[in-house]
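To keep things clear, I will list the structure first and then write my remarks on it.
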């Protein structure tokens, strides 16, 4: 390779080849300002012939835009976020934007680090699954500084930005109604149920009874509990706190322990509703260890449709979240804000589908040996 080939091609060289001024070539290649179409064509052809590659840092100093969007995911290993990111990536890539992906592990301290890093990288906007739904001072500051923010999966109270979620409340209510229609009266729920400032499960049930909760700004697992409670109330069935398995952490081991507690109750549930994919996998392990047959011994509906749920026999009924759609919608909202679209915040609650497989049957009594 010659010295000339090793040298980086400059805008001045592109301008000379195209027969235009350096300023004109800069406007065309930086995609700002006005130039006639014939001039644009000449400059772009010259750039292609010379192998010119744009200096994105220099362009950002001129335009104030980096053509990048920062994303803070709760857990990049999770199939949930992988599917959401696919949707974000498809839309942003088509619009000529890149993505900087970071991970919070659902921890506020790591989220603060991630947001600071992305803002230092001068991203044009921030898509985030927030871990603090009541404060989030760092996100309020980001908005005040003029950086667009779009929330995914959950909303922050009093933060006036766009958000895309799943209608957890209605989907959960529908699942429990299906089990009630099949004859079940004792339905167990296994859910993470972290991060509610109002107290324990019984405090939550009282808040639901008094109508003092804004379900939109609850974490998804609490929204699903809300739907569970409402479905039982609509069916005029009692809500037994003992049937609500609050795992308290995103842990398969803890979820399995809580599932075993429910299934060893003297008056055990005849149906089970794990409220996310990890809870479902842990519940299945406990069910298998107890040699219970689905649906003969225990009916099962899971929130989140994982691959194994359709592979095993019988298949497991599940809520199918529109995760790629969620990512696409979040990206479209972000691109619109970056382009200058004004107006009140948009809050989208996407409706999931229901995969009805073979895991629901009428209840029957089954003896379970003591643990």
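Values for this structure:
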item: Of all residues in the stretch 262-278 being outside any loop (DSSP other than H, G, I, E, B) and at pLDDT 95 or above, the one that is surrounded by the fewest Cβ atoms within 10 Å (Cβ to Cβ); result: 262
item: Residue identified as free of Cβ contacts under 8 Å to residues at least 12 places away in the same chain and either farther than 17 Å from residue 173 by Cα or not in a loop (DSSP other than H, G, I, E, B) (or both) among 288, 259, 249; result: 288
item: Tally of residues being touching a residue at least 12 places away in the same chain (Cβ under 8 Å) and either surrounded by fewer than 17 Cβ atoms within 10 Å (Cβ to Cβ) or assigned by TED's automatic domain parsing to the domain that holds residue 96 (or both) across the stretch 18-30; result: 1
item: Single residue of the stretch 105-126 satisfying the filter (within 14 Å of residue 76 (Cα to Cα) and either at pLDDT 95 or above or in the same structural domain as residue 195 (by TED's automatic domain parsing) (or both)) that is surrounded by the fewest Cβ atoms within 10 Å (Cβ to Cβ); result: 110
item: Number of positions in the stretch 26-43 that are farther than 19 Å from residue 65 by Cβ and either in contact with a helix residue (DSSP H, G or I) (Cβ under 6 Å, 6 or more places away or on another chain) or part of a helix (DSSP H, G or I) (or both); result: 6
item: Test: residue 213 is within 22 Å of residue 174 (Cβ to Cβ), surrounded by fewer than 22 Cβ atoms within 10 Å (Cβ to Cβ) and outside the structural domain of residue 81 (by TED's automatic domain parsing); result: yes
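Results for (1) within 25 Å of residue 245 (Cβ to Cβ); (2) within 21 Å of the chain's Cα centre (by Cα), shown as yes or no for each residue.
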residue	(1), (2)
155	no, yes
176	yes, no
191	yes, yes
202	yes, no
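The values are calculated or read from the model by the stated rules, or taken from the named source; none is laboratory data. Computed from a predicted structure; not experimentally measured. Note that each Cβ is placed from the backbone with ideal geometry, even for glycine, and that neighbours are counted across all protein chains shown.
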